[in-house]
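These notes concern the structure reproduced below.
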Amino acid sequence: MSIRIGFVGCGGIANSHMSNLNQMEDAELVGFTDVVAEKAQAAAEKYGGQAYESHQAMYEDADLDAVYICVPPFAHEDQEILAAQAGLAIFVEKPVALSMDKAREIQAAISTSGVISCVGYQQRYLPTVQKAKQRFAAADIAMVMGYWLGGFPGVHWWRVMAESGGQMVEQTTHIVDLARYFAGEIDTVYSSFALRCLGDVEDIDVPDVGVVALKFNSAAVGMICNSCCAGVASKVGIHLILQDVSVEIGPSLIIKDRQGSREETFTSPNLPTIDGEFVKAVGSNDQTRILSDYADAVKSLAVSLAANKSAATGQPVRPSEL
């Protein structure tokens, strides 16, 4: 039996998920809604199903099993809460909110309903990440270095702090999430951000470079760097330092130890994907298939928001105190 799926938000990332789901025999795209009605209609024409004027109307009419909520950070209102109350499994794109109050409100609704939840931290599902996790799960990680160095996204809301939360919240959250995934929870962050290169961009008030120092509960230390002015000089990944071992995780897995350096790549077409695992989790009612549920993603949000607060105040901030 196919899992009947609706979409709240039909922009770029939503269309990526739609394309993946459309190739699965056990997934059926049946409903679409977007604040730009033409986007929802275009998705319905391409994938079948129906375009709706609102998420409320879709939840009531489309006989859904699950919903993907792919809206900009500032646009999280009642979409997840109503879906949870309707008993729908929920896939939410990161970041899950722009404030801890909103994130906790949604988390409470999901917890009360007991529905399957998944957040779009797809890098956890990469074969390089999973292979490193298997090999070093029990290792004592001493240091984590992460980086998201790239270009400037074109959507207008991304350049406005009140709408995107800035690069650390909206984009580099993937690296924050991986740091937590490998080294555990983060006790304290200390940040410095600046707008150095893109000051002439209309309406911009987000930093274009930033550095965040991390102290983990384990006493490991770390640093995450990001930039949205690097253009084609892009680099995205995470680097783990252990005793006598260096592990670089990106498009490939590079391990350096006393035996030398070796690089591994993984190209099998049958590797698990975040969309595939979500559909299987919904079909089997098995939350354990999900590598980042909503409650876990709220912890990554707290680190990113703490980084923003530290940069604004010049003081260290504990994510647990937000």
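Structure notes:
- Selection of segment 194-216 for residues being without any contact (Cβ under 8 Å) to a residue 40 or more places away in the chain and crowded, with 16+ Cβ neighbours inside 10 Å yields V209, V211, A213, K215.
- Residue count for segment 163-208 satisfying the condition of being within 20 Å of the chain's Cα centre (by Cα) and hydrophobic (A, V, I, L, M, F, W, C): 11.
- Among the residues making up segment 73-100, those that are of a type outside the set (S, T, N, Q) and surrounded by fewer than 21 Cβ atoms within 10 Å (Cβ to Cβ) are F74, A75, E77, D78, I81, L82, A86, G87, M100.
- Complete set of residues in segment 243-265 that are under 28 Å from E185 (Cβ atoms) and either in a helix (DSSP H, G or I) or not polar (S, T, N, Q) (or both): D244, V245, V247, E248, I249, G250, P251, L253, I254, I255, K256, D257
- Summed over segment 123-158, residues that are farther than 19 Å from G250 by Cα and outside any loop (DSSP other than H, G, I, E, B) total 3.
- Segment 31-54, residues that are in a loop (DSSP other than H, G, I, E, B) and not aliphatic (A, V, I, L, M): D34, G48, G49, Y52, E53, S54
- Test: residue in segment 220-241 that is out of contact with any helix residue (DSSP H, G or I) (no Cβ under 6 Å at 6 or more places or on another chain), more than 28 Å from G151 (Cα to Cα) and surrounded by fewer than 16 Cβ atoms within 10 Å (Cβ to Cβ): no
- Within segment 55-113, the only residue that satisfies the criterion of being part of a helix (DSSP H, G or I) and in contact with a Pro (Cβ under 7 Å, 6 or more places away or on another chain) is P73.
- Residues that are modelled with pLDDT under 95 and more than 24 Å from F193 (Cβ to Cβ) do not occur anywhere in segment 293-308.
The values are calculated or read from the model by the stated rules, or taken from the named source; none is laboratory data. What you see is a predicted model; the values in this text were computed from it and never measured. Methodologically, a virtual Cβ is constructed for each residue, glycine included, from the backbone with ideal geometry; neighbour enumeration extends over all protein chains shown.
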